[in-house]
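What follows is a set of notes on a single structure, which appears directly below.
The values are calculated or read from the model by the stated rules, or taken from the named source; none is laboratory data. All values reported here derive from a predicted model rather than from experimental measurement. Neighbour counts run over all protein chains shown; Cβ positions are idealised from the backbone, glycine included.
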Amino acid sequence: MERGKVKFVRTPVIFYHKIGYPAQEVKLQNLFVTPENFSRHLRYLCLRNFRTFACREYLENGNRSRAVLITFDDGFRNNYEFAFPLLKKFGFTATIFLVAGDVGKKVAWEESEEQHPEELLTWEQILEMHDYGIEFQSHGLTHRHLEKLSAGELREELKTAKGILEDKLHKKIEFLAYPYGTYNDLVKKIARECGYRAAFTTWRGPGRDRYEIRRMGIKYNHSLIKFIRYVEWGKRKK
Ligand SMILES: [Zn+2]
């Protein structure tokens with residue numbers, strides 16, 4: 001297989017942000033999925049005998065059917081409170097992309113400036129989930145728009161994040177999710193140089209190579225049927 005030319009067509013990759021209940025004043029309601037809906041998604045996967053992948057398995061065996069890579073961006077504390085118990089209940093795993101420099105803090109990057117910034121996972125919670133088998137990977141150091149950074153700034157963002165996560169988790173960090181899903185050729189090049197084997201965007205459809213693996217975002221107002229269409233056939237609507 002030619003390096004970097006892998007097509008990811010069959011195994012769906014989905015991403016969530018927050019599992020919980022958005023308060024009335026929340027601006028980005030779509031970043032939430034309620035625990036009830038998340039539970040319905042997992043129940044469906046369970047009934048249909050889906051298995052969940054970790055990133056490395058996905059990369060090496062990404063054309064399997066009846067498998068799904070469940071990912072979460074940012075590492076919100078509600079992932080521990082609401083998603084983790086449900087993942088355990090159904091015996092599934094998932095990958096959480098952490099903002100390495102902001103663990104244990106409140107979100108400071110949301111451009112929408114939510115009135116009540118969401119809290120992020122603590123190292124204690126991360127380690128507990130890690131012990132269970134939840135996978136943690138990199139979402140950069142400070143959640144910046146990577147496509148706006150110089151090569152030097154990119155190295156700082158991506159390499160430092162990798163180092164922090166490797167120190168805390170005692171494992172190799174090899175996967176990256178681009179903050180905001182945005183990237184350019186320089187971002188891809190530096191990510192590779194920093195030792196990332198692949199990277200995920202938030203766009204849909206087939207990616208050109210393993211540094212632009214596409215994902216489907218699961219949102220607050222998505223119906224169960226939309227979820228099912230995507231995990232079964234890779235389609236979102238119609
Ligand atoms: Zn993010």
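Miscellaneous remarks
- Identity of the residue in region 38-59, touching a strand residue (DSSP E or B) at 6+ places or on another chain (Cβ under 6 Å) and assigned to a helix (DSSP H, G or I), that ends up surrounded by the fewest Cβ atoms within 10 Å (Cβ to Cβ): Leu59
- Filter result (over 21 Å from His143 (Cα atoms) and assigned to a loop (DSSP other than H, G, I, E, B)) within region 11-37: Thr11, Pro12, Gly20, Tyr21, Pro22, Ala23, Gln24, Glu25, Thr34
- Selection of region 108-122 for residues being within 16 Å of the ligand (Cβ to nearest atom) and surrounded by fewer than 21 Cβ atoms within 10 Å (Cβ to Cβ) yields Ala108, Trp109, Glu110, Glu111, Ser112, Glu113, Glu114, Pro117, Glu118, Glu119.
- Hey, Glu36 closer than 21 Å to Asn221 by Cα and of a type in the set (Asp, Glu) or not: yes
- Search result, residues across region 155-164 that are surrounded by fewer than 22 Cβ atoms within 10 Å (Cβ to Cβ) and touching a helix residue (DSSP H, G or I) at 6+ places or on another chain (Cβ under 9 Å): Arg155, Lys159, Thr160, Gly163, Ile164
- Count - residues of region 123-146 that are within 16 Å of the ligand (Cβ to nearest atom) and under 18 Å from Ala198 (Cβ atoms): 6
- Boolean, Leu87 is more than 16 Å from the ligand (Cβ to nearest atom) and within 20 Å of Tyr58 (Cβ to Cβ): yes
- The listed residue being β-branched (Val, Ile, Thr), over 20 Å from Glu60 (Cβ atoms) and touching a Lys or Arg at 6+ places or on another chain (Cβ under 8 Å), out of Ile190, Ile164, Ile218, Ile228: Ile190
- Search result, residues across region 176-209 that are more than 19 Å from Leu149 (Cβ to Cβ) and within 16 Å of the ligand (Cβ to nearest atom): Trp203
- Hey, Asn63 outside any strand (DSSP E or B) and under 17 Å from Ile213 (Cβ atoms) or not: yes
- Taken over region 133-154, the criterion of being surrounded by 19 or more Cβ atoms within 10 Å (Cβ to Cβ), under 30 Å from Lys88 (Cα atoms) and not polar (S, T, N, Q) is satisfied by Ile134, Glu135, Phe136, His139, Gly140, Leu141, His143.
- Residues of region 90-107 that are within 14 Å of the ligand (Cβ to nearest atom) and either under 15 Å from Asn37 (Cβ atoms) or of a type in the set (Asp, Glu) (or both): Asp102 alone.
- In region 162-188, the residues that are aromatic (Phe, Trp, Tyr) and modelled with pLDDT of 95 or more reach residues that are away from the ligand (no atom under 16 Å from the Cβ) and part of a helix (DSSP H, G or I) with C-beta atoms within less than 6 angstrom, at least six apart or across chains, in these pairs: Phe175/Cys55.
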